[in-house]
1. Is the shape of the range 291-349 rounded, prolate or oblate, going by the alpha carbon gyration tensor and its root eigenvalues a ≥ b ≥ c, with a/c under 1.5 for rounded and a/b larger than b/c for prolate?
2. Rounded to whole Hz and in sequence order, give me ³J(HN,Hα) for the range 272-286 from the Karplus expression 6.51 cos²θ - 1.76 cosθ + 1.60, θ = phi - 60°, writing x for Gly and Pro.
3. Got a sec? How would Thr187, Thr368, Thr9 order by Cβ neighbour count within 10 Å, fewest to most?
4. In a shell of Cβ-Cβ distance under 13 Å around Asp317, excluding Asp317 itself, what net charge do Lys and Arg (+1) and Asp and Glu (-1) give?
5. Please go through the range 303-383 and write out the trypsin sites (Lys or Arg not before Pro) that DSSP classes as loop and that have at most 15 other C-beta atoms within 10 Å.
6. Using the Karplus equation 6.51 cos²θ - 1.76 cosθ + 1.60 (θ = phi - 60°), what ³J(HN,Hα) coupling, rounded to whole Hz, does each residue of the range 17-30 give in order, writing x for Gly and Pro?
7. Got a sec? How would Cys333, Cys43 order by Cβ neighbour count within 10 Å, fewest to most?
8. Compute the distance from the alpha-carbon center of the range 129-160 to that of the range 253-300, in whole Å.
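What follows draws every value from the coordinates through simple rules; no lab data is involved. These numbers come from a predicted model, not from an experiment. We place every Cβ from the backbone using ideal geometry, glycine too, and count neighbours over all the protein chains shown.
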Amino acid sequence: MYNPLDPATLENPYPVLAALREATPVFWHEGMRSWTLTRYTDCVAVLRDHQRFARDRRRTGAVVPEPSLSVQSLDPPDQAPVRSLFMNALRAQDLEAIEDRGRRLLAARFEELTGQGPFDVMVEIAAPLALAVISDLLGVEQPDLHSFAEISDRIMRSMDAGLDPALAEPGRIARQQLTALVESWFTVSSRPGLLAHVRQHADPAGGANLDLFVRNTARVMFQGGYSTMVAALGNAVHTLLRYPDALERMADPNLLRGGVDELVRFDGPVQGTSRIATEDCEVGGTAVRAGETVLALFAAANHDPEQFPRPAQLVLDRASNRHLGFGWGTHSCIGTVPAQAALRVLVQALLDRPARLHAAGAPVRRRTATMRVFDRFPVVFDA
């Protein structure tokens, strides 16, 4: 049976997922109490069908706490006003300037780290860059990195509460702490950025519900953008150290953007997402009853050879790379754009640095199922 927390699976889940996709592409996982999907076509079919597969659990009779109602948990059409508001605000930002500031920050960080011996990618590169980029994008003052990283970690771990219920309460408390921080941005922050645009363009006629959804979405975007970036950056460094020729090839501007997408497909940060069936239906030839959970395994779908030929190979110029590394459609991560920018910053900074980065010990994966992220990753620059 598939155990996402098994040490061997944490190290490399793709052979296990390939075997499942071949033998039982749709199977019931008792531990997660869900039908689990491993084929790309099945995953996309569920994610597209908002009518039969709900993200908003209220549609199946569940009680959802108000702090959990955001762009990520609402379904169309309720989701449309808040998603449109945030996506328009995102498009209004000077993303090239944000990327350039991130590049200069990372170049300075690399300068400090070169010649200082081994260091942890996650602590010294991934977390500071992710926090800087997401804070810059939203137009808020950066919180203390150490304190925020602890809050983010508890929230991220609580995503696995279905496997370990003890993770739920620490996650709830961490969300309360983050909510207080977000509230301060809405009352005192006047910096230009995405949140200022949202506040300026929010429709007053939307009422209390829209205001609640907006504030919750700001929290989700900040936390989700940060944690997804941290995981994606660590995974990208790991892949680039394994395939150093890929880094050199991405010096070609024509390969940079597509190459970043391929890094995410190859070893992405988010491993899956769930939906609730609103009626009796069928997925991949398997009967699903109303009220049952369906889990779309992104990690498996992104290595499905029917969609991605040579899935175990890093193909920087892969055509039609519509991977699920950041989700799909209206529920795709609204932090996708800054995460892609951070990855480009990372690749460019590594290319610009004369000293080359090398592993300085065995990396250790964090014991989490929903997010694929390193706990520790020792590296060193050439002297």
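1. Values: a/c = 2.56, a/b = 1.22, b/c = 2.09.
Oblate, because a/c is 1.5 or more while a/b does not exceed b/c.
2. Once rounded to whole Hz, the list reads x, 8, 10, 9, 10, 5, 8, 7, 4, 7, 9, 10, x, x, 10.
3. On the way: Thr187 7, Thr368 21, Thr9 18.
Placing the least packed residue first, the sequence is Thr187, Thr9, Thr368.
4. Details: positive: Arg249, Arg257, Arg265, Arg310, Arg318; negative: Asp252, Asp261, Glu262.
Computed value for this residue: +2.
5. Working: sites: Arg318, Arg322, Arg344, Arg356, Arg365, Arg366, Arg367, Arg372, Arg376; in loops: Arg318, Arg322, Arg356, Arg366, Arg367, Arg372.
Qualifying residues, ordered by number: Arg322, Arg356, Arg367.
6. Here the 3J(HN,Hα) series is 5, 5, 5, 5, 4, 6, 8, 9, x, 10, 9, 8, 10, 5 Hz.
7. Details: Cys333 21, Cys43 27.
With the sparsest Cβ surroundings first, the list reads Cys333, Cys43.
8. The range 129-160 and the range 253-300 have Cα centres separated by 25 Å.
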